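Report on the structure given below.
The values are calculated or read from the model by the stated rules, or taken from the named source; none is laboratory data. In this text, all values refer to a predicted model and were calculated from it rather than measured experimentally. FYI the Cβ positions are ideal-geometry reconstructions off the backbone, even for glycines, and counts take in every protein chain you see.
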Amino acid sequence: MAEVLGKEKGVIFNIQRFSIHDGEGIRTIVFMKGCPLKCIWCCNPESQNIEPEVLFLRDKCIGCMHCVQNCPLEAMEIDRKSCRQCGSCARVCPSSAKRLSGRYVTVDEMVKEVEKDRVFYRNSGGGITVSGGEPMMQPEFVAELLRKCHIHDIHTAIETSGFAETEAFLSVIEHVDEVFFDLKHMNSDKHKVLTGVSNEQILKNAAKLPELGKKVTFRIPLIPDCNDEEENIRKTGEFVSALTNENVYIEILPYHRLGEMKFEWLDKIYDLKETKEPPKEQVARYQQILKDCKCNVFVRQ
């Protein structure tokens, strides 16, 4: 780690403004870098490594050689084992073919960034959503960021896989108004095959949410031939139904391929190249299964 992370300093890889999908109203999404899961369908693979790293968009390269001249290793191609991820190449690339993903920030910097959109929050009921990556990989920073946003009367939300020690998980959730919680598979062994980690701790943390009085939306990323078995959908519905109160929902997120190109930018293999989006009829059938489980369910359009 190039810099020490903690309560006042973290690392992000993006800020997205004017979002309407991850919480009430118009929102500013802060994407934290670092994730302990390695989902094979990940739409933000640049978020997995907690340290800044260089993306190479080869189709944008114009062959000017500025990157080679500024690289400590004088490299055109990126050797992921030896590259220092210093970003020297990205800083001089005129076509943005090489880009540094990730930067270190302070809590106060982020609060100022979020404050810029206050007028939109006031008119729409929006606020900040912390996403990732996995925000729980930087719990001290995220908790402090959300705490200070509350001081500024800004609505807070988080998108999480729930994979964290319970103490750290609760220390962040304390400062959250709305939670989006991924449920990727109910079978622990299959969960580990698909994401690299088991789901026991995830389900343990999920079970604590309703008693905290937060608005919770459990999200099912519906990935063909990965987690789209009817049995898994039904078991997910049964799990959520057992927790349900008026503030608990399920959102189905049908698979898309928006992350595929990013795997190439990182010189990684995308294992779902032949995978297509699930048919609308299948999504509707799974929505009905969840309704039959007495869940409040909707589909991301």
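Only residues that are over 28 Å from Glu230 (Cα atoms) and in a helix (DSSP H, G or I): list them for region 172-188, please.
Val172, Ile173, listed by residue number.
Among residues belonging to region 184-217 that are closer than 22 Å to Tyr249 by Cα and among the basic types (Lys, Arg), point out the one that is surrounded by the most Cβ atoms within 10 Å (Cβ to Cβ).
Taking the candidates together, the pick is Lys184.
Any idea which of (1) under 24 Å from the mean Cα position of the chain (by Cα); (2) surrounded by fewer than 14 Cβ atoms within 10 Å (Cβ to Cβ) is the one Ile128 doesn't satisfy?
Failing condition for Ile128: (2).
For the condition touching an Asp or Glu at 6+ places or on another chain (Cβ under 8 Å) and charged (D, E, K, R), what is the one hit in Lys215, Lys276, Lys294? Working first, answer last.
Details: Lys276 fails: touching an Asp or Glu at 6+ places or on another chain (Cβ under 8 Å); Lys294 fails: touching an Asp or Glu at 6+ places or on another chain (Cβ under 8 Å).
Lys215 is the lone residue from the list that is touching an Asp or Glu at 6+ places or on another chain (Cβ under 8 Å) and charged (D, E, K, R).
Select from region 53-76 the residues that are in a loop (DSSP other than H, G, I, E, B) and within 16 Å of Lys262 (Cα to Cα) and list them in ascending order.
Passing the criteria: Leu57, Cys61.
Answer with yes or no whether Phe169 is aromatic (Phe, Trp, Tyr), part of a helix (DSSP H, G or I) and either touching a residue at least 24 places away in the same chain (Cβ under 8 Å) or farther than 30 Å from His152 by Cβ (or both).
Taking the combined requirement at face value, the residue satisfies it.
Looking only at residues in region 8-22 that are surrounded by fewer than 16 Cβ atoms within 10 Å (Cβ to Cβ) and not aliphatic (A, V, I, L, M), which one is farthest from Lys268 (Cα to Cα)?
Glu8
If you go through region 240-254 one residue at a time, do you hit one that is crowded, with 17+ Cβ neighbours inside 10 Å, out of contact with any strand residue (DSSP E or B) (no Cβ under 6 Å at 6 or more places or on another chain) and of a type in the set (Phe, Trp, Tyr)?
no
Where the second residue is of a type in the set (Phe, Trp, Tyr) and the first is in a loop (DSSP other than H, G, I, E, B) and lies in region 11-25, which pairs have Cβ atoms under 8 Å and are six or more apart or on separate chains?
Cβ pairs passing all conditions: Asp22/Phe180; Gly23/Phe180; Gly25/Phe120; Gly25/Tyr121.
Within region 286-300, which residues are of a type outside the set (Lys, Arg) and assigned to a helix (DSSP H, G or I)? Spell out the reasoning first.
Of region 286-300, the ones of a type outside the set (Lys, Arg) are 286-290, 292-293, 295-299.
Of everything in region 286-300, those that are of a type outside the set (Lys, Arg) and assigned to a helix (DSSP H, G or I) turn out to be Tyr286, Gln287, Gln288, Ile289, Leu290, Asp292.
Pairs needed: first member in region 204-228, within 13 Å of Glu246 (Cα to Cα); second member anywhere, part of a helix (DSSP H, G or I) and not aliphatic (A, V, I, L, M); C-beta distance under 7 Å; at least 6 residues apart or different chains.
What qualifies is Val216/Pro210.
I'm told Ala164 meets every condition in (1) in a helix (DSSP H, G or I); (2) closer than 19 Å to Cys35 by Cβ; (3) aliphatic (A, V, I, L, M) except one. Can you identify the failing condition by its number?
(1)
Can you tell me which condition Val92 does not meet? The list is (1) in contact with a helix residue (DSSP H, G or I) (Cβ under 6 Å, 6 or more places away or on another chain); (2) buried (at least 23 other Cβ atoms within 10 Å of the Cβ), and all the others hold.
Here Val92 clears every test but (2).
Could you check region 189-280 for helices (runs of 4 or more DSSP H) lying wholly inside it with 1 or more residues that are in contact with a His (Cβ under 7 Å, 6 or more places away or on another chain) and at pLDDT 95 or above? Show your work before the answer.
Numbers: elements: 200-208, 230-243, 260-265.
Counting at least 1 such residues, we get 230-243.
May I ask you to say which residue of Gly87, Gly126 is under 20 Å from Phe18 (Cα atoms) and not aliphatic (A, V, I, L, M)?
Just a single option satisfies the conditions, and that option is Gly126.
Residues are listed down the side, and each one gets a yes or a no for (1) at positive phi; (2) buried (at least 21 other Cβ atoms within 10 Å of the Cβ):
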residue: Glu24; (1), (2): no, no
residue: Gly34; (1), (2): yes, yes
residue: Trp41; (1), (2): no, yes
residue: Ile50; (1), (2): no, yes
residue: Ile62; (1), (2): no, no
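Table: residues versus (1) farther than 18 Å from Gly162 by Cα; (2) modelled with pLDDT under 95; (3) basic (Lys, Arg).
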position	(1), (2), (3)
Cys35	no, no, no
Cys39	no, no, no
Cys42	no, no, no
Glu46	yes, no, no
Cys61	yes, no, no
Cys64	yes, no, no
Asn70	yes, yes, no
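Each row is one residue, and each column tells you yes or no for (1) over 15 Å from Gln138 (Cβ atoms); (2) among the aliphatic types (A, V, I, L, M).
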residue	(1), (2)
Leu5	no, yes
Ile12	no, yes
Phe18	yes, no
Asp22	yes, no
Thr28	yes, no
Gly34	no, no
Ile40	yes, yes
Ser47	no, no
